[in-house]
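The values are calculated or read from the model by the stated rules, or taken from the named source; none is laboratory data. Note that this is a predicted model, so its numbers are computed, not measured. Virtual Cβ from ideal backbone geometry, glycine too; neighbours counted across all protein chains shown. Ligands, DNA and RNA are stripped out before the accessible areas are found, and what is left, the full protein with its side chains, is counted by its heavy atoms. Shrake-Rupley method; radii C 1.70, N 1.55, O 1.52, S 1.80 Å.
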Amino acid sequence: MNCINFVVPMNPCPCGYYPDRNKCRCTPYEVHNYLSHISGPVLDRIDICIPVGKVGIRQLQSDKKGMGSKEMRAKVMQARVRQEERYRGTAFCFNSELGPDEVEKYCALGKEEKGFLEKLFRVMDFSARSYHRLLKVARTIADLADCERINEEHLQQAVSYRQGELFEK
């Protein structure tokens, strides 16, 4: 099975400046109308949706540095090895390739995590597809954190990537 990376850049409003209200002159109706042109089923097929804001001058000049490319690459490669080992002898290599039955097997949750996810499911009105995608993203986050089991923190991070959907439409 081939994995396809799909990146969808888009402006959050007709002028492109929302949520910067100093530059954006669109009305709330115009922003909502603009964003509503993307259908729910299309959004359901996107695993991670993160609004990326403008970087300020203070951030650029800050002494605080995040993880470097070499460190990040090493972490990702370690997560890939973990996944390859987990799925050795199966028809797939990575979390993204799991179907619903495999998600239940390889993304098993403890009692507390199941309860947390049930609450999220009701509040956020997830589809079955969104539910499974959320678990696969949480499994990947756990792999990046070098954790064997998915915990509530991994689920919270995964759902935060879904909440960014269309800039809080």
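I'm trying to understand the selection: among the residues of region 54-101, which are β-branched (Val, Ile, Thr), open to solvent by less than 70 Å² (accessible area, probe 1.4 Å) and over 15 Å from residue 140 (Cβ atoms)?
90
Looking at region 141-152, which of its residues are open to solvent by 20 Å² or more (accessible area, probe 1.4 Å) and among the acidic types (Asp, Glu)?
Result: 146, 148, 152.
If you take the residues of region 102-140 that are assigned to a helix (DSSP H, G or I) and open to solvent by less than 20 Å² (accessible area, probe 1.4 Å), which of them is modelled with the lowest pLDDT? Reasoning before the result, please.
From region 102-140, those assigned to a helix (DSSP H, G or I) are 102-106, 111-124, 128-140; that's our starting set.
Of the ones still in play, those that are also open to solvent by less than 20 Å² (accessible area, probe 1.4 Å) are 103, 117, 130, 134-135, 137-139.
On the way: 103: 95, 117: 93, 130: 88, 134: 94, 135: 96, 137: 96, 138: 97, 139: 98.
Once the filter is applied, the top-ranked residue is 130.
Could you grab the pairs with beta carbons closer than 7 Å, sequence gap of 6+ or different chains, first residue in region 148-160 and closer than 15 Å to residue 115 by Cα and outside any helix (DSSP H, G or I), second one of a type in the set (Ser, Thr, Tyr) and at pLDDT below 95?
Close Cβ pairs (under 7 Å, with a partner that is of a type in the set (Ser, Thr, Tyr) and at pLDDT below 95) do not exist here.
How many residues are at pLDDT 75 or above and part of a loop (DSSP other than H, G, I, E, B) when one looks only at region 33-44?
Total meeting the criteria: 3.
Restricting to region 80-101, name every residue that is in a helix (DSSP H, G or I) and either in contact with an Asp or Glu (Cβ under 7 Å, 6 or more places away or on another chain) or of a type outside the set (Val, Ile, Thr) (or both).
Taking region 80-101 as the starting set, the residues that turn out to be in a helix (DSSP H, G or I) are 80-86, 95-97, 100-101.
Correct list: 80, 82, 83, 84, 85, 86, 95, 96, 97, 100, 101.
Please go through region 79-98 and pick out each residue that is more than 22 Å from residue 152 (Cα to Cα) and not charged (D, E, K, R).
Correct list: 81, 87, 89, 90, 91, 92, 93.
Can you spot a residue in region 40-53 that is among the charged types (D, E, K, R), over 22 Å from residue 129 (Cβ atoms) and open to solvent by 50 Å² or more (accessible area, probe 1.4 Å)? Talk me through it step by step, then tell me what you get.
So the first thing to find is which residues in region 40-53 are among the charged types (D, E, K, R), and the list is 44-45, 47.
From what is left, the residues that are over 22 Å from residue 129 (Cβ atoms) are none.
The answer is no, given that none of the residues of region 40-53 is among the charged types (D, E, K, R), over 22 Å from residue 129 (Cβ atoms) and open to solvent by 50 Å² or more (accessible area, probe 1.4 Å).
Based on what the data block shows, is residue 54 basic (Lys, Arg) and within 26 Å of residue 157 (Cβ to Cβ)?
Numbers: basic (Lys, Arg): yes; within 26 Å of residue 157 (Cβ to Cβ): yes.
Against the criterion (basic (Lys, Arg) and within 26 Å of residue 157 (Cβ to Cβ)), residue 54 qualifies.
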